[in-house]
Amino acid sequence: MKKQTGMNAEKVYRLFIYVALITLSVSIIVPVAWVFLASVKQNKEFYGSPWAVPEGFYFQNFIDAFQKANMGTYMLNSMMVTALALLILLVVALPAAYVLARYTFRGSKLMNSLFKAGLFINVNYIVVPIFLMLLGGDTFLQDQFGGGFLLDNLFVLAVVYAATALPFTVYLLSSYFQTLPSTYEEAALVDGAGYFKTMIRIMIPMARPSIVAVILFNFLAFWNEYIIALTLIPGPNKTLPVGLMNLMAAQKSAANYGQMYAGMVLVMLPTLILYIIVQKKLTQGMTLGGLKD
Amino acid sequence: MSKTLEKRIFIFVCTVPALILLAIFMIVPTVEVFRMSLYKWGGFSNNKVFVGLDNFKILWGDINFIRSLQNSIVLIVFVTLITMVLAILFATLLTREKMKGNGFFRIIFYIPNILSIVVIAGIFSAVYDPATGLLNNLFALFNLDHLQKMWLGDQKIAIYSIGGALIWQAIGYYMVMYMASIANIPESFYEASALEGAGRIRQFFSITLPLIWNNIRTTLTFFIISTINLSFLLVQAMTGGGPDGATEVFLSYMYKQAYTNSSYGYGMAIGVVIFLFSFALSAIISRITNRDVLEY
């Protein structure tokens, strides 16, 4: 008899856990799924209950978002900036991380502490000084050559993204390089391969897992970033999240709900697809670095 | 070419580009924040006047800054407490209780973390909308009309609504962190304590919590830093500090002064104060929570 109640208590307990887990899951899935449904609703449907199912599949929202709200152009801009920033970041960070992990030389200690200190600098604090610096540069170029190009420049934006991601990336990569055995590179150097060849042909391919982690984290960071883009690109060449912000602000007066939710889908769809493909790597890699902007 | 020269060139070529980028876009702007906070600069005139610590004196009497300080502290406490309790609870349940669908729940809980803050702002504008919002209509569905609120319009609760969105965003991230360290605790500890008759709750407080204490301490610093940063990004995209300054936080006030208002010097003084505040708070909390580390 006593055993019977014990079994029941256990069952109730497990049921209770499932209720808690499912409640949290629902509170996460429902708002995200709702945006997807809302993106195919017609404008008039938004005046009824928000819990109503879409009457049809109104794809015109996406066409409007692309054409009228310029989201197509913004999407191309975002892709370009993200790809370029990742490329610059890897080209600059990989050699630096490798050298810092493997060689001691005059100034190597200072360099290490500089990058470590960079981990504590958050970009939200320094975005205005960066803006002023570029503005000053533009004024100078204007006076000297009659035209500045530092603000409103997607390439400069990509460089700033790469630079602000450097401390974390160098930290992550160089701690990975330190775990690799040095016998490979010793063998390569003895065989007569130069330093550059050893690094590019042997060491960088061996660091592939950490490179994948770096690309994943920074893809999400660059694609989703908006405050630097908002500050450094005052002109029409916006990135996708800034474009979405404009849509959200415009919606308050014009009430183009469908278009706005279509814009939200455009921003989050690439990250969701990537997440579904690599979710294991992402949650595992997180404990590798364990830092957050 | 000698080997040492070759090596020097190699080291130089590898490190200099990274150093240049770091110096131009991180070190110099950081130094500038501190330097500019000592100048009166901005508005319509473009001349800088050195004013010493005047900006900080003005700051002390600036009622709007005090308000943003209060809001930020409310958010840090509110978001940290709730997120931490929920994240530890769910991490324990998922790791210790061998539930079916463990992997599935983990994938779902982490989703908010990969969304852009702008998207989260959009989602929660839809959730909190007073007339057509998901939350108020959900209450209406269950006949709980008295719970309906002006989530972002009411000055008293707007800051907690922002906090709700931040908690929604953060739970999965911290849960995954705690899961990793709970999974590292040897199973034998739990088996031994079960033989001694310790129940789940006793096990949680005597084994799990003490052994992940160091991890919890680290995340406390993360909570302070990320709440200050993310609340700015969210407020900027969602309410712009309104209604009437009710959701103004530290960095949104700094951005408003330094960028929108062009009072660069004053804005940077705010930045310095926020930076020192978050640094001091992290140090104090790290000091208070210091316990002897349990080894296993």
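The values are calculated or read from the model by the stated rules, or taken from the named source; none is laboratory data. Just so it is clear, the structure is predicted and the values come from calculations on it, not from any experiment. Don't worry about glycine lacking a Cβ; one is built from the backbone with ideal geometry, like all the others, and counts go over all protein chains shown. These accessible areas exclude ligands, DNA and RNA; they are computed on the full protein's heavy atoms, side chains included. Shrake-Rupley method; radii C 1.70, N 1.55, O 1.52, S 1.80 Å.
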### Query
Given B:L81, B:L75, B:L86, which one is surrounded by fewer than 16 Cβ atoms within 10 Å (Cβ to Cβ), under 22 Å from B:S226 (Cβ atoms) and either touching a residue at least 24 places away in the same chain (Cβ under 8 Å) or not β-branched (V, I, T) (or both)?
B:L81
### Query
Taking the condition more than 10 Å from chain A (Cβ to nearest Cβ), surrounded by 13 or more Cβ atoms within 10 Å (Cβ to Cβ) and of a type in the set (D, E, K, R), does B:K48 pass?
yes
### Query
Does any residue of segment A:86-97 turn out to be open to solvent by 60 Å² or more (accessible area, probe 1.4 Å), more than 11 Å from chain B (Cβ to nearest Cβ) and without any contact (Cβ under 8 Å) to a residue 60 or more places away in the chain?
yes
### Task
Report yes if A:E55 is touching an Asp or Glu at 6+ places or on another chain (Cβ under 8 Å), within 26 Å of A:A262 (Cα to Cα) and either basic (K, R) or within 11 Å of chain B (Cβ to nearest Cβ) (or both), otherwise no.
no
### Query
Taking segment B:269-296 as the search range and keeping residues that are in contact with a Leu (Cβ under 9 Å, 6 or more places away or on another chain) and more than 30 Å from B:I182 (Cβ to Cβ), which one is nearest to the other protein chains (Cβ to nearest Cβ)?
B:G271
### Summary
Flagged in segment B:231-245 as away from chain A (no Cβ under 12 Å) and either open to solvent by less than 10 Å² (accessible area, probe 1.4 Å) or of a type in the set (V, I, T) (or both), in numbering order, are B:G241
### Query
If you go through segment A:143-195 one residue at a time, how many are open to solvent by less than 60 Å² (accessible area, probe 1.4 Å), among the aromatic types (F, W, Y) and in contact (Cβ under 8 Å) with a residue 12 or more places away in the chain?
4
### Query
What about A:F36, is it surrounded by 13 or more Cβ atoms within 10 Å (Cβ to Cβ), touching a residue at least 60 places away in the same chain (Cβ under 8 Å) and closer than 23 Å to A:N256 by Cα?
yes
### Query
In the set B:I120, B:I114, which member is at pLDDT 95 or above and of a type outside the set (S, T, N, Q)?
B:I120
### Query
Any residue at all in segment B:18-31 that is β-branched (V, I, T) and more than 30 Å from A:L157 (Cβ to Cβ)?
no
### Count - residues of segment B:102-126 that are of a type in the set (G, A, S), more than 8 Å from chain A (Cβ to nearest Cβ) and either part of a loop (DSSP other than H, G, I, E, B) or crowded, with 20+ Cβ neighbours inside 10 Å (or both)
0
### Summary
Counted residues in segment B:254-296 being open to solvent by 20 Å² or more (accessible area, probe 1.4 Å), within 23 Å of B:P29 (Cβ to Cβ), β-branched (V, I, T) and at pLDDT 90 or above come to 1
## Note on the structure
Residues in segment B:18-32 that are over 20 Å from A:G137 (Cα atoms) and open to solvent by 50 Å² or more (accessible area, probe 1.4 Å) total 0
### Query
Given (1) on the phi < 0 side of the Ramachandran plot; (2) more than 8 Å from chain B (Cβ to nearest Cβ), where does A:A255 come up short, assuming only one miss?
(1)
### Message
Quick check on segment B:127-159: of everything there that is among the aromatic types (F, W, Y) and part of a loop (DSSP other than H, G, I, E, B), which residue is surrounded by the fewest Cβ atoms within 10 Å (Cβ to Cβ)?
### Response
B:F142
### Query
In this structure, is B:F189 within 13 Å of chain A (Cβ to nearest Cβ) and out of contact with any Leu (no Cβ under 6 Å at 6 or more places or on another chain)?
no
### Query
Does A:A65 fit the bill of being within 11 Å of chain B (Cβ to nearest Cβ), open to solvent by less than 60 Å² (accessible area, probe 1.4 Å) and touching a residue at least 24 places away in the same chain (Cβ under 8 Å)?
no
